[in-house]
Amino acid sequence: MPAHPHLNCTLPELFAPEVFLGADLERMKSTPGEERGAVFTRPEVVSFILDLAGYTADKPLWKYRLLEPSCGSGDFLFSAIERLLVSACRDKVPAPQLSDAIRAVELHRDTFFATRQRILAQLAEFGVTHPAAIALTDVWIANGDFLLEQLPDGFDFVVGNPPYVRQEMIPAALLAEYRRRYTTLYDRADLYVPFIERSLKLLTGAGVLGFICSDRWMKNRYGGPLRLMISRGYTLKYYVDMVGTHAFQSEVIAYPAITIIQRGKMGRTRIAHRPEVATEALARLRDRITGPARNFNDTILEMSGVTKDRNPWLLEADAQPSLALVRRLEAEFPAIEEAGCRIGIGVATGADKVFIGPLNQLEVEDERKLPLVTTRDLLNGSVQWRGLGVVNPFEEDGSLADTARYPCFAAYIEKHAVQLKARHCAQRGNGSWYRTIDRITPSLARTPKLLIPDIKGAAHIVLEEGFLYPHHNLYFIVSKEWPLPALQAVLRAGIAHIFVRAYSTKMHGGCLRFQAQYLRRIRLPQWRDISIKNQQALSAANASNDTRAVHDCVCQIYHLNPAEEQHLTEAK
């Protein structure tokens with residue numbers, strides 16, 4: 001491209017990321033490891049991933065191209081180079097012909113130089129001359145940002161452990177550039193998501209990606225665009241759940257999984273869960289998962305249709321037995337919100353110490369405060385209100401309260417103005433500095449509702465008669481179609497747990513996330529489609545706490561056979 005007539009650089013140079021993001025990139029290049037998401041993978045796991053991807057020394061690896069997009073201290077890179085050199089030595093391929101076989105990128109400058117020196121030493125051990133080693137290393141590894149680095153297309157293998165970095169850790173200008181380039185950086189997606197997107201796009205027609213990283217994107221809302229991309233042009237060949245295993249060289253709070261994804265649509269997914277991390281055990285698993293199905297020995301599942309549009313991937317071991325039931329109910333019954341229910345979440349204020357306190361001690365007009373229910377108020381299946389309230393800056397129509405009409409409210413928020421104005425939600429320049437993060441709709445407090453805490457091992461569904469406003473860690477269900485006691489009975493009978501268990505990401509200790517995105521997956525018949533007999537039985541049984549009668553009604557309205565009924569029993 002020709003140079004710009006008024007500048008001494010070409011247009012690509014003018015708009016290159018390093019020109020307008022230089023300071024941010026320099027800062028990222030010197031960021032400590034824990035802040036840039038550096039976690040190192042154990043060698044046994046590295047070998048296992050390379051084997052599953054098919055990057056093995058018995059092949060002419062010098063004919064292929066491998067990319068490691070975030071090589072760090074070389075966990076994957078050195079193992080790949082060793083396999084390449086073994087292959088090249090066997091086939092008597094000279095070192096200069098290996099220059100196109102490896103590409104690696106590392107952002108952190110000190111780590112890059114240390115890894116580069118280790119590559120030189122590794123090449124020397126294989127008898128590569130120093131000039132040839134320098135030439136190879138200069139081509140093989142680059143100090144840059146993989147999401148911005150110019151790289152050729154057409155890699156046969158992409159392997160590694162992409163960085164886990166939350167968006168708030170990324171400079172704003174850099175994050176904006178990432179968003180411009182990568183459609184999968186959606187909502188609150190972590191940095192490993194666009195790493196996967198770019199890595200997949202760099203694959204050859206039958207290329208293979210082998211990553212170990214968090215499994216959150218496989219079910220969470222932010223992973224939807226990436227799941228859609230994979231469903232349209234790739235196959236999830238192997239999935240190995242590594243949660244609770246010692247997959248890394250240090251203890252980390254993570255939910256790791258190994259994914260082997262191949263370009264092209266070609267067949268079924270093989271799934272394994274939580275293997276022993278030892279060389280021999282992983283070798284046995286490799287042989288089974290890549291071999292004929294007759295050798296699975298009940299340790300490996302094979303499924304079709306795992307990737308479908310942007311739908312969550314249902315891969316967890318404890319969800320598999322009831323998965324057929326979930327799929328049948330999804331085909332036969334409407335989603336819960338299509339059956340006349342509405343799901344929402346309570347209020348996040350952004351300043352709980354200002355907005356929340358004992359109701360009778362909040363120094364504002366009665367119209368400007370509401371009684372508040374929190375998770376701590378839910379005890380033994382009922383609401384035991386502790387007397388908290390929330391200051392409400394909103395009118396019913398969503399407008400902010402006029403401070404001139406409420407002098408006590410005006411004085412209260414002015415007293416806390418410095419803290420309130422410092423919040424992100426207050427910095428909009430339209431006079432809304434005293435709002436809560438979420439809008440408060442006062443009529444919700446007066447509406448009967450079911451309350452569901454977010455993180456629980458089982459479904460805790462509590463009826464609130466219509467006096468309290470929910471706090472942000474409580475989800476609620478309201479309905480004009482379904483009587484809430486009957487709806488509570490159905491959901492508590494195991495139906496809510498079956499669906500949430502299938503779709504939810506699992507937390508430490510086995511707890512599930514009862515979030516709106518998962519609750520909306522629940523299938524529920526229309527109330528009018530239930531027989532009068534079962535309508536009356538549900539309401540009566542719930543009032544008398546007759547769990548056996550509720551169970552029988554649920555089995556009838558969902559047409560559960562004995563095998564399916566067992567899943568309902570296990571979910572309670």
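The values are calculated or read from the model by the stated rules, or taken from the named source; none is laboratory data. A quick note: this is a predicted structure, and the numbers were derived from the prediction, not measured. When we count neighbours, we look across all protein chains shown, and the Cβ atoms used for this are built from the backbone with ideal geometry, even at glycine. Just so you know, the surface numbers come from the protein's heavy atoms only, side chains and all, with ligands and any DNA or RNA stripped out. Shrake-Rupley method; radii C 1.70, N 1.55, O 1.52, S 1.80 Å.
Numbers at a glance
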quantity	calculated
Cut-off 20 Å, label 7 Å out along Cα→Cβ of ALA278, residues of segment 299-315 by amide N	299-300
Centroid-to-centroid separation of segment 277-351 and segment 424-448 [C-alpha atoms, Å]	37 Å
Cross-link reach list, aspartates and glutamates versus LYS59, counting only Cα pairs under 14 Å and skipping chain neighbours closer than eight places	ASP51, GLU82, ASP91, ASP156
Gain in span if fully extended, ASN473 to MET169, counting 0.36 nm per residue against the direct Cα distance	107.0 nm
Qualifying lysines (Cα of each under 28 Å from Cα of LYS29; at least 8 residues distant if same chain)	LYS201
Size of charge dipole - the chain - debye, nearest 20, with Cβ of Lys, Arg +1 and Asp, Glu -1, no other charges	740 debye
Protection proxy ranking of 49-55, 112-118 - average other beta-carbon atoms within 10 Å, highest first	49-55, 112-118
Fully extended contour minus Cα-Cα distance, from ILE532 to ASP438, at 0.36 nm per residue	29.9 nm
Among THR569, HIS497, ILE532 the positive-end extreme of the charge dipole of segment 472-572 (Cβ point charges)	HIS497
Two-site FRET efficiency, ARG520 against LYS92, from Cβ-Cβ distance with R₀ of 45 Å, rounded to 0.05	0.15
Highest to lowest packing among 368-378, 299-309, scored as the average C-beta count within 10 Å	368-378, 299-309
Where SER544, SER231 fall by accessible area, highest first, once all protein chains stay in place (1.4 Å)	SER544, SER231
Residue-normalised accessible area of the chain, expressed per residue, 1.4 Å probe, Å²	45 Å²
Estimated FRET transfer efficiency when R0 is 45 angstrom, pair ALA114-HIS416 (beta carbons, to 0.05)	0.35
Dipole of segment 290-362, positive direction: furthest Cα of ILE300, LEU325, ASN311, with charges on the beta-carbon	ASN311
The chain: relative contact order as a whole-number percent, Cα under 8 Å and 6+ apart	11 percent
Mean Cβ count within 10 Å, highest first, over the residues of peptides 180-186, 434-440	434-440, 180-186
Estimated [θ] at 222 nm from DSSP helical runs (n ≥ 4, -39500 (n - 2.57)) normalised by residues in the chain, nearest 500	-9500 deg cm²/dmol
DSSP-loop trypsin sites (Lys or Arg not before Pro) across segment 475-540, with at most 12 other Cβ within 10 angstrom	LYS480
Calculated FRET efficiency for the pair ARG328/ALA543, C-beta based, R₀ 22 Å, to 0.05	0.15
Label corresponding to Cα extents along the principal axes in Å when calculated from the structure given, among (1) 82, 66, 42; (2) 68, 62, 58; (3) 95, 87, 47	(1)
Reachable lysines from LYS415, criterion Cα separation under 17 angstrom, eight or more residues apart if same chain	LYS353, LYS369
